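*Asks:* Could you have a look at this structure, given as structure tokens, before my questions?
Just so it is clear, none of the values below were taken in a lab; they were calculated from the coordinates. Nothing here was measured: the structure is a model prediction, and the numbers come from that model. Heads up, the Cβs are rebuilt from the backbone with ideal geometry, glycines too, and the neighbour counts pull from every protein chain shown.
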Amino acid sequence: MRVEDSNIPAVKMLTPGKHGDRRGFFSEVYNKHSLAQAGIDIDFVQDNHSLSAEKGTVRGLHFQTPPFAQDKLVRVVRGAVFDVAVDLRRGSPTYGQHASVVLSAEAWNQILVPIGFAHGFMTLEPDTEVIYKVGNYYAPDHDKGLLWNDPVLGIAWPLPEPEAVLSDKDRGQPRLAELVTPFG
């Protein structure tokens, strides 16, 4: 597995090996030992799977507060997403900045979003499926968010706002200036 830093070193880009022949392929998409050798030692406790039917679906920007904060290892198994991680670690030199990547089933890549970051994505194809591991269990009382299109974040989403498909919850999240971050 190839592991690389993003423009924010805490956010990692991962590309598992993929071995194929006329029958199909085999890929080891997660190996705790291999990741530990790369300096990533996370005990993932839950797998989540989402299907977004429409192109332009936005999920995020989400995070959980301590003591239920979550690391996330995200991959796409069908379709493609524009994936974003926003640094919410107050005092960090990259506070309020973001790392982004296009994740796709074709590229077979992953992003590791550590604790202290808000995470979200916009689908680039209909019927996109995302699977992600998390390092802590879902805790509804600790489920928080950040407004996906807050101009101060400077995220260049691939589709304009009128084409975005969002939940009411995600439309009503606070801007960065209104957020009381629980991280660092």
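*Asks:* Which one of the conditions (1) in a loop (DSSP other than H, G, I, E, B); (2) without any contact (Cβ under 8 Å) to a residue 40 or more places away in the chain does Trp108 fail to meet, given that it meets all the rest?
*Replies:* Looking at each condition in turn, Trp108 falls short on (2).
*Asks:* Might you let me know whether region 51-65 holds any residue that is under 17 Å from the mean Cα position of the chain (by Cα), over 18 Å from Phe121 (Cβ atoms) and not polar (S, T, N, Q)?
*Replies:* Within region 51-65, none of the residues are under 17 Å from the mean Cα position of the chain (by Cα), over 18 Å from Phe121 (Cβ atoms) and not polar (S, T, N, Q).
*Asks:* Here is a follow-up. Scan region 157-176 for residues that are in a loop (DSSP other than H, G, I, E, B) and either of a type in the set (S, T, N, Q) or touching an Asp or Glu at 6+ places or on another chain (Cβ under 8 Å) (or both) and jot them down.
*Replies:* Ser167, Gln173, Arg175
*Asks:* Okay, next question. Please go through region 125-148 and give me each residue that is in a loop (DSSP other than H, G, I, E, B) and either closer than 22 Å to Ile8 by Cβ or within 10 Å of the chain's Cα centre (by Cα) (or both), ordered by number.
*Replies:* Matches in region 125-148: Gly135, Asn136, Leu146, Leu147, Trp148.
*Asks:* What's the number of the condition Thr57 fails, among (1) more than 18 Å from Ala105 (Cβ to Cβ); (2) touching a residue at least 40 places away in the same chain (Cβ under 8 Å)?
*Replies:* (1)
*Asks:* Follow-up question, since we're still on this one. Those residues that are of a type in the set (D, E, K, R) and without any contact (Cβ under 8 Å) to a residue 40 or more places away in the chain, I need them from region 142-156; list them, please.
*Replies:* Asp150
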